[in-house]
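Any read-out appearing in this document is the output of simple, stated calculations on the displayed coordinates, not a laboratory observation. Computed from a predicted structure; not experimentally measured. Every residue, glycine as well, gets a Cβ built from its backbone with ideal geometry; the counts of neighbours run over all protein chains shown.
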Amino acid sequence: MAQPDAADGLVSRDGLWETFLVTSNVRLWPGMRSEYSWIPPGAGPTRTGPYQVGVSFSQHHAAVYESAERTVAGDIPGGSVFITGRDPITWIRIQETTEALEIYLDRDLLRSLGSGGPEFEAAAAARDGTVLAICSILKRVHAAGTELTDIAASTLAHRLAGHMLVHYGHDSRLPEPAGGRLDRVTVDRVTEFVDAGLVGPLTLDRLAAVASMSPFHFARAFRASTGLAPHQFVMARRVHRATTLLLGSGDAVTEIARAVGLSNAGHFRRVFRRHMGVLPGDLRQNSKIGPCGPRHGVSVSDP
C-alpha cells in the first residue's frame, strides 16, 4: 500500500485543507528490495506496484481498491498478505492509518530457483504466517533503524522465494521445502493460535501442541520456516496488536500493555521501542508521520 516516494500535499475535507504526509523507507538487500510505508488517513489514492509480496499490518474497514480493472470493497484484517502479479493495486479509499511492508524479489534469484520470472498467482487479504513473519523481521529493521547482515537478508530472500514458488508459483509440481521445516498449514494454524491468545500467556509448550510436535523440534522447525524463533514471533504480534490499539482506541498505554499480554508497563514500553523505534505514547502523538519519518528523512514529491 505505498507510493514509490513520500508525498507531502493538501487534501480538501469538508471545505477545510488538511496537510498529509506519506513516509516511505526503501532498503536494498541481496536478493530483494523492501519498502516500509506509513500512510495517514486522507492521503489520497496510493499504489502497490506489480510483482510484490507484502503485508498490511494495519486493519482497514470498508476499504476500496482496484486491480486488473476490477474494483473490490471490504474489510482487511491486520496482518493480511497481498501478492501482485503484473497488475498493480490502486488504493482508492482507506479510512485508517496504513502501515505496510512490501518486498520485491530479484528476478535472478527466482531464476536460480527454477522460476522464469517474478510473477506469482495474485492474492488479496490472504492469511500466510510465513510471509507475515518474514515481513515482520524487515518491518522492525525499517521502523526501529536496526541492521540486518547480508547473509541474514539473503537467507530471508531465499526462504521467501522458495515459499512463493511452492505456494503461489505456476508450477504446482514443486514440493514442500524439506530440511526440518513446517508446512504452510501448520505455520498458519500456529499464527492463528497466537493472534487469538495475545492477551494471555503463550508458552512454547502450547504452541508446540498446536503443531503436534515436541517443544524442541517445534522451536527449530518454526525458526527454519519463518526466520523467527517462536518467542520472537509472539512478541512481534504483540507489538502489532499494540500499534493497532494505539492508533484506533483511546485506551491508556497501561491498558494496552495488559491487552497484549504485557502487564508490566515499563517492560511493554521497552519492547515497543525496540520494535518500532519510538515509545508507544510518541507514536500515538505523532501518528501522521509514523516511526521512521523524522529519523530517516522523508523525500517530498507531488502526490
remark   = Pseudo-spin-label distance ALA196 to GLN285, built 7 Å along Cα→Cβ, given in nm, is 3.9 nm
task = Work from the charge dipole of the chain (Cβ charges, +1 for Lys and Arg, -1 for Asp and Glu, about the Cα centre) and give the residue of HIS275, PHE216, GLY261 farthest towards its positive end.
result = PHE216
task = Order by neighbour count: GLU119, GLU255, GLU35, fewest other Cβ atoms within 10 Å first, most last.
result = GLU255, GLU119, GLU35
request  = Give me the compactness ratio for the chain, meaning the Cα radius of gyration over 2.2 N^0.38 Å.
outcome  = 0.98
request  = Please work out the Cα convex hull volume for region 32-145 and give it in Å³ per residue.
outcome  = 97 Å³
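Give, in whole angstrom and from largest to smallest, the semi-axes √(5λ) of the equivalent ellipsoid of region 190-254, with λ running over the eigenvalues of the Cα gyration tensor. Display every interim value, and only then the final one.
Working: eigenvalues 136, 27, 14 Å².
In descending order the semi-axes read 26, 12, 8 Å.
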request  = Quote the charge dipole size of region 85-135 about the Cα centre in Debye, to the nearest 20; the model charges only the Cβ of Lys and Arg (+1) and of Asp and Glu (-1).
outcome  = 100 debye
request  = Only Cα pairs under 8 Å and at least 6 apart count here; give the relative contact order of the chain as a rounded whole percent.
outcome  = 19 percent
ask   = Which ³J(HN,Hα) values in Hz, rounded to whole numbers, follow from the phi angles of region 199-207 under the Karplus curve 6.51 cos²θ - 1.76 cosθ + 1.60, where θ = phi - 60° and Gly and Pro get x?
value = 6, x, x, 10, 9, 4, 4, 5, 5
ask   = What ranking of LEU165, LEU138 emerges when the number of other C-beta atoms within 10 Å of each C-beta is taken as an exposure proxy, fewest first?
value = LEU165, LEU138
inquiry  = Order 73-82, 93-102 from most to least packed using the mean count of other Cβ atoms within 10 Å.
reply    = 93-102, 73-82
remark   = Using alpha-carbon coordinates alone, the radius of gyration and Dmax of region 218-272 in Å work out to 12.9, 39
key: Positive-end extreme of charge dipole, the chain - chosen from GLY44, THR90, HIS240 (charges on Cβ)   = HIS240
ask   = Near the amide H of ILE92, under 5 Å away, which other amide H atoms are found, from residues 5 or more places off or on another chain, if H is placed in the peptide plane?
value = VAL64, TYR65, GLU66
request  = Can you tell me the dipole magnitude for the chain around its Cα centre, using point charges on the Cβ only (Lys, Arg +1; Asp, Glu -1), in Debye to the nearest 20?
outcome  = 980 debye
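What is the order of PHE233, PHE272, fewest Cβ neighbours within 10 Å to most? Each step should come with its number before you reach the end.
On the way: PHE233 25, PHE272 29.
In order of increasing Cβ crowding within 10 Å: PHE233, PHE272.
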query = What nm distance separates the two modelled labels at ASP251 and THR155, each placed 7 Å from Cα along Cα→Cβ?
reply = 3.4 nm
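Residues with beta-carbon under 15 Å from that of ALA123, excluding ALA123: net charge, scoring Lys, Arg +1 and Asp, Glu -1? Write down the numbers at each step before the final one.
Values: positive: ARG70, ARG86, ARG127, ARG184; negative: ASP87, GLU102, GLU119, GLU121, ASP128, ASP188.
Net of charged neighbours comes to -2.
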inquiry  = I'm checking a number: the convex hull volume of the Cα atoms of region 192-303, normalised per residue, in Å³. What is it?
reply    = 137 Å³
message = Connecting C-alpha atoms closer than 10 Å in a GNM of the chain, tell me which of PRO280, PRO230, PRO45 has the biggest fluctuation.
response = PRO45
